[in-house]
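*Asks:* To start, I am sharing the structure in question, which I have written as structure tokens.
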Amino acid sequence: MLSAPRRRERLLALMLLATLLFTPPLVLVPDRAAAISWLPLYLFVAWGLVIGLAAWLMEHPAPPPERTPPEE
């Protein structure tokens, strides 16, 4: 199980990865690397990767809060 701060860190990392994947210099590489344009396939795969990772991160249940033993 992921703790709340750990989940927040991973979601922030996912947001940075998504920003990197969809910035123009990296997006233009598959468009100009070959004779045919791979841009639609690249965009679909990158989008699917980001959505899949976000779903995986959000589906993990949060750990229950720690219980302290009752004081007597």
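The values are calculated or read from the model by the stated rules, or taken from the named source; none is laboratory data. Treat the numbers as computed from the prediction; the structure is a model and nothing was measured. Cβ: placed from backbone, ideal geometry, glycine included. Neighbour counts: every protein chain shown. Surface accessibility is based on the protein's heavy atoms, side chains included, excluding ligands, DNA and RNA. Shrake-Rupley method; radii C 1.70, N 1.55, O 1.52, S 1.80 Å.
*Asks:* Answer yes or no as to whether W47 is of a type in the set (F, W, Y), open to solvent by 50 Å² or more (accessible area, probe 1.4 Å), out of contact with any helix residue (DSSP H, G or I) (no Cβ under 9 Å at 6 or more places or on another chain) and at pLDDT 90 or above.
*Replies:* No.
*Asks:* Could you list all residues from the stretch 1-44 that are open to solvent by less than 60 Å² (accessible area, probe 1.4 Å), farther than 30 Å from E66 by Cα and either in contact with a His (Cβ under 7 Å, 6 or more places away or on another chain) or among the polar types (S, T, N, Q) (or both)?
*Replies:* Once the filter is applied, which keeps residues that are open to solvent by less than 60 Å² (accessible area, probe 1.4 Å), farther than 30 Å from E66 by Cα and either in contact with a His (Cβ under 7 Å, 6 or more places away or on another chain) or among the polar types (S, T, N, Q) (or both), the stretch 1-44 yields only T23.
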